[in-house]
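Each value in this text was obtained by applying a stated rule to the coordinates, not by laboratory testing. Computed from a prediction, not measured in an experiment: that's the story for all the values here. Note that each Cβ is placed from the backbone with ideal geometry, even for glycine, and that neighbours are counted across all protein chains shown.
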Amino acid sequence: MIGSPFKPEIDIPHVWVQDPPKKKGDYWAIYKSYNAMLRKAKGDLIVTMQDYTFTPPDTLERFLFHYKDEPKTIVGAVGNKYADTDWKVKTWQDPRERADQGTYYQSFFNDVELNLSAFPKQSFYDVGGFDEYLDKYSSLCGYDVLDRLNLLGGWDFKLDQTIKSFSTEHGRLPGWEKNSPWHGAYDERRKTYLDNPVLSYLK
C-alpha cells in the first residue's frame, strides 16, 4: 500500500491511497494519509516504510516471525542514512544501534521509528489512529501513536538490529525548522494524551 499525492507509476501490485486534502492551517497532512491507509489495510500486521528507504529481502519475513511469536509487541528496525544510492557516503549513524544488547532487545517506546517498523494493526485502533492535529507541523519528530500506546499499556516495544534500513537523504521541505513540533508544539500537545490517549480518528 502506498500513500502519496499522485498515483505511482510502478508495475508491481499495490494499493494506492491518495493523500487526503489538507485542511486550513495544515502544513504537511501526512497523518491523514496514514489514517486513510489504515482504514483500507486488510492484514493484521502493519509494516511502515517511508520513502527513499531500502531494506534487505527478508525484512517482512522477520517482522512476521516476531508478530507470530509476540503479537502484543511493536518492533522497530535500525538504519543509517546516505548521500548516494551506492551507500558509500554515510550522512547519519543510527544512535539506536548498540553493540552491547544483542540483536533483539527491549527498547523505549520512542526508539521505534516509522521509517521501518512493524505494528499489529490492532495497536493503531486501540489508540484511535494518528493525531491529525499534528498535520499542522512539518516533521514526524513526535510519533504520537507510540506515546499513546505507552500510556495505554499492554503493548511492548523492541528493536531488532538484524533488520536494517538504508535511506538516502532527500532534504527537507521549505520552512521545516520553523514548522517542526520540536519547537514546543508537540510537547504541548502531548499533555492532552495524559487525559485522553485514545482519539477518535479510527472507528
| task | Specify the inter-centroid distance of the stretch 51-113 and the stretch 134-176, based on alpha-carbon positions, in whole Å. | result | 12
| note | The exposure ranking of TYR31, TYR82, fewest beta-carbon neighbours within 10 Å first, is TYR82, TYR31
| field | Inter-label distance, nm, simple model (7 Å from Cα along the C-beta direction), ASP86/ASP195 | value | 5.7
| said: Could you check the spin-label model distance between LYS24 and CYS141? Points 7 Å from the Cα along Cα→Cβ, value in nm. | reply: 2.7
| query | What aspartates and glutamates sit close enough to LYS22 to cross-link, taking a C-alpha to C-alpha distance under 13 Å and skipping anything fewer than 8 places away on the same chain? | reply | GLU132, ASP135
| query | Using a basic spin-label model with each label point 7 Å from the Cα along Cα→Cβ, how many nm lie between GLN122 and GLU169? | reply | 4.2
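Evaluate the charge dipole of the stretch 24-155 about its Cα centre and quote only its size in Debye, nearest 20, assuming +1 on the Cβ of each Lys and Arg and -1 on the Cβ of each Asp and Glu. Please report the intermediate quantities before stating the final value.
Details: 16 positive and 20 negative charges, 61 e Å.
Computed charge dipole of the stretch 24-155: roughly 300 debye.
Subtract the Cα-Cα distance of GLN106 and ASP58 from 0.36 nm times their separation in residues, and report this length gain in nm to one decimal.
Details: separation 48, 0.36 × 48 = 17.28 nm, distance 2.15 nm.
Gain on extension, GLN106 to ASP58, equals 15.1 nm.
Quick check on packing: order 124-132, 83-91 by the mean number of other C-beta atoms within 10 Å, highest mean leading.
On the way: 124-132: 20.8, 83-91: 10.8.
Averaged packing, sorted descending, gives the order 124-132, 83-91.
Between LYS72 and ALA99, what is 0.36 nm times their sequence separation minus the Cα-Cα distance? Round to one decimal in nm. Please list the in-between numbers first.
Numbers: separation 27, 0.36 × 27 = 9.72 nm, distance 2.58 nm.
Roughly 7.1 nm would be gained on extension.
Note down the net charge around PHE6, summing +1 for each Lys or Arg and -1 for each Asp or Glu among other residues with Cβ under 14 Å from its Cβ. Write out the running numbers ahead of the final one.
Details: positive: LYS7; negative: GLU9, ASP19, ASP51.
Net local charge, PHE6 excluded: -2.
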| task | Anything over 25 Å Cα to Cα? Flag those among LYS32/LYS178; LYS42/LYS68; LYS136/LYS203; LYS68/LYS90, in the order listed. | result | LYS68/LYS90
| Where Rh denotes the Kirkwood radius from the mean inverse Cα pair distance, what is Rg over Rh for the stretch 45-195? | 0.96
| said: Run the helix sum for the chain: -39,500 (n - 2.57) per DSSP H stretch of 4+ residues, divided by residue count, reported at 222 nm to the nearest 500 deg cm²/dmol. | reply: -7000 deg cm²/dmol
